[in-house]
Amino acid sequence: MNNAKLTIAEVCQFIGGNQPPKSTFSNIKLTNYVRLVQTRDFKTNAFPTYIHENSTTKFFVKDDIMIGRYGPPIFQIFRGMEGAYNVALLKAKPLNNILNDYLYYFLKQDEVFKYVDKLSARTGGQTGVDLISLYKYPITLPTIENQLKIAAVLSALDDKIELNNKINIELEQMAKTLYDYWFVQFDFPFDFAQGKPFDYAQGTQNQNGTVAERSQLVAERSRLVAERSRGYKSSGGEMVYNAVLKREIPKGWEVKKISEIAQTGSGGTPKSTTKEYYENGKIPWVNSGELNSPFIISTKNFITEAALKNSSAKYFPANTILMAMYGATAGKTSIISFEATTNQAVCAVMPKEKEFFHYTKFVLDDMYQYLINLSTGSARDNLSQDKIKNLDVIIPDNEILKKYSNQVVTSFEKIKNNLKQNQELASLRDWLLPMLMNGQVKVGESDGEVLGLVAEERGVYKKV
């Protein structure tokens, strides 16, 4: 079969899920229980649900293509989890002559989404996928060989994005682990002989000598670290009871309000019915739903100067820490890497001293569960700028803060750079996707106009 013109119904079957009674749900994994995956679980692992394996017949594995049936937004395409699935999800099962990976990327096309979204039906107040219409959608099916090539190209991009995401998780965990050691367990490196935080620069002077002299300096530095750098609390460092926190903290450290170490602010939403506030807008406008990554490197939302002038929206500088005050991301933080405005659901936190920047980010992250409890109580407005400003935080020794910042600043920059690269890779993938599917771009040999991908030699592309 060479570029056969078919419909989705001829190459794919959509299988709905089951909805076991809520009374059978467990929030912990018990013996013979499996994960009941819902649409939200592909975005957050915060609310896992488990059911007995005999209470359903609908299961899926990591490579299966899963589709969000209801919205908004409808027709979200997912992969990567496994377990049972509920009625809000569909499993796309490939039939003859179509590869699973090719079907996955075909369904992710923007044109397919627009088609489904336009024809979606409302059921019980929810917008749902119209399966009859979806089955009628046309598909031009390449040979299996070409499907493999196309899927390999797009998978190479997704693999690189996934690798960057894994690296970012590890980098953030390393910075957070160091934060926990130093500022939660209070085992920061301390030189008891000198009575001060350990100076890692000791033994690094005069590095221009002979190989033997430099080796001797390295050995001396290692000896100093081994002999004099010890964890403060675990080595008997003096702790002092703090009445505000009702626990002990290292001697010389203080407790202050967030407002004493950082400026805070919030934004606003220009009137949505006023077109001049949004049309051709060039001012970045960040909302709370975008706070789902360590850094925000771009936004799809923009407002105009008129909107800025006639609303509560205001500019915040690059490297401002943003915290979502309500909504699905309540309590989450992100750092904006560019000057931007925000809506009223976001609290901007701007440390007054640069040494507090990385520390404050993790202080706020550490309070996530406490803040979530505030935002999910009976009074939904409990999480506010005033609540955040009045949070009590430990103020460490300034030298310790400087050392911590120096230790993690490179990791933060790598995370930001990886996110920027991911944005570029995703943009390239989204540009290539429809062109590969409709034959405007083909995967071939090295002749023709070559389109660069990433460092991996996974394919060469040429326009036709």
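The values are calculated or read from the model by the stated rules, or taken from the named source; none is laboratory data. Since we're looking at a predicted model, the values are computed, not measured. Cβ coordinates were reconstructed from backbone atoms using ideal geometry, including for glycine residues, and neighbour counts include every protein chain displayed.
Given THR49, THR56, which one is surrounded by 13 or more Cβ atoms within 10 Å (Cβ to Cβ), of a type in the set (Ser, Thr, Tyr), in contact (Cβ under 8 Å) with a residue 12 or more places away in the chain and closer than 28 Å to ASP117 by Cβ? Give the steps one after another, and end with the answer.
On the way: THR56 fails: closer than 28 Å to ASP117 by Cβ.
After ruling out the rest, the residue left standing is THR49.
Among the numbered conditions (1) crowded, with 16+ Cβ neighbours inside 10 Å; (2) at pLDDT 95 or above, tell me where LYS251 comes up short.
(1)
When region 328-342 is examined, which residues are found to be buried (at least 22 other Cβ atoms within 10 Å of the Cβ) and more than 17 Å from the chain's Cα centre (by Cα)?
Those that are buried (at least 22 other Cβ atoms within 10 Å of the Cβ) and more than 17 Å from the chain's Cα centre (by Cα): ALA340, THR341, THR342.
Please list, ordered by first then second residue, the pairs with beta carbon atoms under 9 Å, 6 or more apart or interchain, first in region 242-254 and within 14 Å of PHE188 (Cα to Cα), second of a type in the set (Ser, Thr, Tyr) and surrounded by 13 or more Cβ atoms within 10 Å (Cβ to Cβ).
Listed pairs, sorted by first residue: PRO250/TYR232.
List every residue pair whose Cβ atoms sit under 8 Å apart, with the two residues 6 or more apart in sequence or on different chains, where the first one lies in region 126-150 and is assigned by TED's automatic domain parsing to the domain that holds ALA88 and touching a residue at least 12 places away in the same chain (Cβ under 8 Å) and the second, anywhere, is crowded, with 17+ Cβ neighbours inside 10 Å and charged (D, E, K, R).
Listed by first residue and then by second, the contacts come to GLY128/ARG69; VAL129/ARG69.
Scan region 80-95 residue by residue and report those that are free of Cβ contacts under 8 Å to residues at least 60 places away in the same chain and surrounded by 19 or more Cβ atoms within 10 Å (Cβ to Cβ). Even if it seems obvious, please write down each step before you answer.
Just the residues of region 80-95 that are free of Cβ contacts under 8 Å to residues at least 60 places away in the same chain, to begin with: 80-83.
Correct list: GLY83 only.
Quick check, is ASN32 farther than 30 Å from ASP159 by Cβ, in contact with a helix residue (DSSP H, G or I) (Cβ under 9 Å, 6 or more places away or on another chain) and exposed (fewer than 13 other Cβ atoms within 10 Å of the Cβ)? Write out each step before concluding.
On the way: farther than 30 Å from ASP159 by Cβ: yes; in contact with a helix residue (DSSP H, G or I) (Cβ under 9 Å, 6 or more places away or on another chain): yes; exposed (fewer than 13 other Cβ atoms within 10 Å of the Cβ): yes.
Here the answer is yes, as ASN32 does meet what is asked.
Within region 273-280, does at least one residue satisfy the condition of being in the same structural domain as LEU391 (by TED's automatic domain parsing), closer than 29 Å to ASP366 by Cα and crowded, with 22+ Cβ neighbours inside 10 Å? Break it down stepwise before answering.
First, pick out the residues of region 273-280 that are in the same structural domain as LEU391 (by TED's automatic domain parsing): 273-280.
Applying the additional criterion that residues be closer than 29 Å to ASP366 by Cα yields none.
No, that holds for no residue.
Testing ASP386 on (1) closer than 23 Å to SER311 by Cβ; (2) surrounded by fewer than 22 Cβ atoms within 10 Å (Cβ to Cβ); (3) in contact with a strand residue (DSSP E or B) (Cβ under 8 Å, 6 or more places away or on another chain); (4) not small (Gly, Ala, Ser), one condition comes back false. Which one is that?
(3)
Please go through region 18-47 and pick out each residue that is among the basic types (Lys, Arg) and over 22 Å from ILE65 (Cα atoms). Outline the logic, then answer.
Just the residues of region 18-47 that are among the basic types (Lys, Arg), to begin with: 22, 29, 35, 40, 43.
Residues satisfying the conditions are LYS22, LYS29.
Under the condition of being out of contact with any Pro (no Cβ under 9 Å at 6 or more places or on another chain) and at pLDDT below 90, which residue from region 158-198 is nearest to MET367 (Cα to Cα)?
Among those that are out of contact with any Pro (no Cβ under 9 Å at 6 or more places or on another chain) and at pLDDT below 90, it is LYS196.
Given the options GLY265, GLY289, GLY231, name the one that is of a type in the set (Gly, Ala, Ser) and under 23 Å from GLY195 (Cα atoms). Outline the logic, then answer.
On the way: GLY265 fails: under 23 Å from GLY195 (Cα atoms); GLY289 fails: under 23 Å from GLY195 (Cα atoms).
Answer to the check: GLY231.
How many residues, within region 287-318, are in a helix (DSSP H, G or I) and buried (at least 17 other Cβ atoms within 10 Å of the Cβ)?
Quick first cut of region 287-318, residues in a helix (DSSP H, G or I) only: 288-290, 305-309.
Those left that are additionally buried (at least 17 other Cβ atoms within 10 Å of the Cβ): 288, 290, 307-308.
Qualifying residue count, region 287-318: 4.
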